[in-house]
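Everything below concerns the one structure shown next.
Values quoted throughout were computed directly from the atomic coordinates according to the rules given, and no laboratory measurement underlies them. Model, not experiment: these values are computed from the prediction. Virtual Cβ from ideal backbone geometry, glycine too; neighbours counted across all protein chains shown.
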Ligand SMILES: NC(=O)C1=CN([C@@H]2O[C@H](COP(=O)(O)OP(=O)(O)OC[C@H]3O[C@@H](n4cnc5c(N)ncnc54)[C@H](O)[C@@H]3O)[C@@H](O)[C@H]2O)C=CC1
Ligand SMILES: O=C(O)C(=O)COP(=O)(O)O
């Protein structure tokens, strides 16, 4: 019989996704000793993550809210849903460009402030509309910083709208490069993008290297009257520098997904309440993807789309499986094999892969492993977590 599993949810997760978890799973927001955690943007950095937790699944893209390094040290994979919400973010970025280009938000505020009779309102409308005249997108240049799942979609949509697109990504994946329309020009660095673009949109993860990526100096390199769009993360942009540039008429508008006191009430700022991924479709796509990944990991030890572990997937050919998360150091496979051989366990199939400092080994053996074998595997220096996963 399948072992009961408990999943703690730290945010609301789409019901369609939760339905992908096997029936023997108990899921809820108030669960003790969970095997896994499902999360969206809840901040887990100060959370006491129970020792029972074997995996974390982020129903979305960014994992900067999760202490990935600490979890790696415990041998716990962090899964995410690459690309599953990219279309939703792309659509909001396009909406953001149009809001800025046509001065839609200040125009709406102007209309809301109109008073008097209809005739007086019409008169004020015709007199005032010149203040909100805008520009069109075709022929303008969009600069995209970060050409991953979202950046490449945004680049493609902008090309379809008649824009010129210039992009920068120092570590673009082969998949993303294939997705990019050939018209997208490649920039050598961030400054190149800023120099050439009328609109600049950011699609990088928040890392030490991307914190304050857009600061006063970089804003100085932007075209006068440029529009900055940030649907990546708050920390990627220096809000104070942006406000100074807006006040000095250096920037035309700042459109972002991250409200902050420094931005509040500014006429040239549109701050949305982190809505990039908040569509029915994206919420469902992300939840379905990570629920399946989480269940396959807990049941079979297979890893797909973990940010800290390699993809490792092996069809079950025997009833007895052992999964080992270990440091990526020499002789791990040798030591694991030697423990199994000494215990008289024949290896039926074995797969070992690494990613950065982490490695992962799946072993199917031909007979049952004892608790003593599992303890010997756990005792190997460099082994971080061991699980015994006999077929249900
Ligand atoms: N507003 C919202 O609701 C959402 C925000 N996001 C944010 O957008 C980010 C990107 O998401 P995806 O495109 O799905 O991720 P992704 O991993 O597919 O793409 C990120 C890209 O940024 C590139 N990159 C990293 N450092 C860079 C740098 N210094 N300069 C230029 N490029 C750099 C990477 O090489 C990669 O190609 C997420 O990490 C998250 O922070 C993602 C989804 C929704
Ligand atoms: O996927 C991401 O990185 C996002 O920022 C989306 O966050 P959310 O799931 O809407 O809280």
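Things to note:
- Residue among 90, 129, 355 with the largest mean-square fluctuation in a Gaussian network model of the chain, springs linking Cα atoms under 10 Å: 129
- Computed [θ] at 222 nm, helices only, for the chain once each DSSP H run of length n ≥ 4 contributes -39500 (n - 2.57): -9000 deg cm²/dmol
- Neighbour counting of Cβ atoms within 10 Å sorts the residues 56, 49, 108, 66, fewest neighbours leading, into 108, 49, 66, 56.
- Inverse mean reciprocal Cα-Cα distance (Kirkwood Rh) of the stretch 91-137, Å: 11.6 Å
- Overall shape of the stretch 237-303 was characterised from the C-alpha gyration tensor. The equivalent ellipsoid obtained from it has semi-axes of 40, 13, 9 Å, in decreasing order.
- Using only the C-alpha atoms, the convex hull of the stretch 262-366 corresponds to 137 Å³ per residue.
- Our analysis of the stretch 86-271 gives Rg over Rh at 1.01, with the two radii drawn from alpha carbon positions and Rh computed by the Kirkwood formula.
- Protection proxy ranking of 77-87, 199-209, 296-306, 214-224, by the mean of other Cβ atoms within 10 Å over each peptide's residues and highest first, is 77-87, 296-306, 199-209, 214-224.
- Projection of the Cα convex hull of the stretch 210-269, averaged over all directions and equal to a quarter of that hull's surface, yields 3.5 nm².
- With only the Cα atoms considered, the stretch 1-118 has a convex hull volume of 186 Å³ per residue.
- When the stretch 310-392 is reduced to its Cα atoms, the Kirkwood hydrodynamic radius in Å: 12.6 Å
- Beta bridge orientation in the chain: antiparallel %, DSSP, nearest 5: 40 percent
- With the convex hull of its Cα atoms as the shape, the chain has an orientation-averaged projected area of 23.1 nm².
- The stretch 310-392, relative contact order [Cα under 8 Å, separation at least 6], %: 45 percent
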